């Protein structure tokens, strides 16, 4: 058993996020399981770039109100206690609403070469502000 008492908070890099986003890695991908788990906190209006995961992603909202969007224009509003699953290869984004903070636990299974995430372009304000 490993007892992890704390992990450092890092600021999400500007080439992957719009706005201020903070991350605490809870579990780094390691063989044989390759599960990566992070606590991600978004300030109002902050969001990820478009991205996809080779083996999918699960998001569990722990606090606040957030949005998760897909390329087909679907945007889902999520609140504390709700879980979203994004299938393998689906391009999507997630973040806080324009007026609230949001925190979630992000879980991905690595593909053997990393966490399997393909980062793409930023979500435009027009895409982010679509009615949900």
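Among the residues of segment 95-132, those identified as part of a loop (DSSP other than H, G, I, E, B), in contact with a strand residue (DSSP E or B) (Cβ under 8 Å, 6 or more places away or on another chain), touching a residue at least 60 places away in the same chain (Cβ under 8 Å) and on the phi < 0 side of the Ramachandran plot are 101, 110, 115, 120, 122, 123, 130, 132. Answer yes if at least one residue in segment 6-22 is modelled with pLDDT of 95 or more, in contact with a strand residue (DSSP E or B) (Cβ under 7 Å, 6 or more places away or on another chain), within 16 Å of residue 107 (Cα to Cα) and not in a loop (DSSP other than H, G, I, E, B), and no otherwise. Taking every residue of segment 6-22 in turn, at least one turns out to be modelled with pLDDT of 95 or more, in contact with a strand residue (DSSP E or B) (Cβ under 7 Å, 6 or more places away or on another chain), within 16 Å of residue 107 (Cα to Cα) and not in a loop (DSSP other than H, G, I, E, B). Exactly one residue among 67, 55 is modelled with pLDDT under 95 and farther than 15 Å from residue 12 by Cβ, and that residue is 55.
Restricting segment 33-53 to residues that are touching a helix residue (DSSP H, G or I) at 6+ places or on another chain (Cβ under 9 Å) and in a loop (DSSP other than H, G, I, E, B), the residue that is nearest to residue 125 (Cα to Cα) is 45.
Restricting attention to segment 17-48, the residues that are surrounded by fewer than 17 Cβ atoms within 10 Å (Cβ to Cβ) and farther than 17 Å from residue 103 by Cβ add up to 6.
For segment 50-74, the tally of residues that are surrounded by 17 or more Cβ atoms within 10 Å (Cβ to Cβ) and under 21 Å from residue 118 (Cβ atoms) stands at 10. Quick one: which residue in 88, 30 is at pLDDT 95 or above, farther than 25 Å from residue 125 by Cα, out of contact with any helix residue (DSSP H, G or I) (no Cβ under 7 Å at 6 or more places or on another chain) and assigned to a loop (DSSP other than H, G, I, E, B)? Every option except 88 fails the conditions. State whether one or more residues within segment 24-38 are within 18 Å of residue 128 (Cα to Cα) and touching a residue at least 40 places away in the same chain (Cβ under 8 Å). Within segment 24-38, none of the residues are within 18 Å of residue 128 (Cα to Cα) and touching a residue at least 40 places away in the same chain (Cβ under 8 Å).
The values are calculated or read from the model by the stated rules, or taken from the named source; none is laboratory data. Everything numeric in this text was worked out from a predicted model, so none of it was measured. In this analysis, Cβ positions are derived from the backbone assuming ideal geometry, glycine residues included, and neighbour counts consider all displayed protein chains.
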